[in-house]
Amino acid sequence: MRTTHREAEQLQGVLAAADEPLTAREILAALEDRGETDFESPHQIATVLGRWADRGLVTVDRRQPYRYSLQ
């Protein structure tokens, strides 16, 4: 799954506005509330954010469920 520039901006916007790390489900809900999501499931979001974590762009709190925040 390739991430578009628009999808990346959507995720970055939600994470930047968050006061605390968010789960993929919370991120999807925030995007849906904004009416701007191209994602269909929390799994898609977690996959993208996992790749970003591998590149050092996102911090992952590995407690269950995983929580994500910008680096």
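Computed values, structure above
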item	result
Inter-residue pairs, beta-carbon under 7 Å, first modelled with pLDDT of 95 or more and in segment 8-35, second among the acidic types (Asp, Glu) and open to solvent by less than 50 Å² (accessible area, probe 1.4 Å), 6+ apart	Pro21/Asp61
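Each row is one residue, and each column tells you yes or no for (1) open to solvent by 70 Å² or more (accessible area, probe 1.4 Å); (2) over 15 Å from Thr3 (Cα atoms); (3) more than 9 Å from the chain's Cα centre (by Cα).
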{"position": "Glu20", "(1), (2), (3)": "yes, yes, yes"}
{"position": "Ala29", "(1), (2), (3)": "no, yes, yes"}
{"position": "Asp38", "(1), (2), (3)": "no, no, yes"}
{"position": "Ser41", "(1), (2), (3)": "no, no, yes"}
{"position": "Ala46", "(1), (2), (3)": "no, no, no"}
{"position": "Arg55", "(1), (2), (3)": "yes, no, yes"}
{"position": "Asp61", "(1), (2), (3)": "no, yes, yes"}
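The values are calculated or read from the model by the stated rules, or taken from the named source; none is laboratory data. Computed from a predicted structure; not experimentally measured. With ideal geometry, Cβ positions are generated from the backbone for all residues, glycine too; neighbour counts draw on all protein chains shown. Side chains are part of the model used for accessible areas, which takes the heavy atoms of the whole protein and leaves out ligands, DNA and RNA. Shrake-Rupley method; radii C 1.70, N 1.55, O 1.52, S 1.80 Å.
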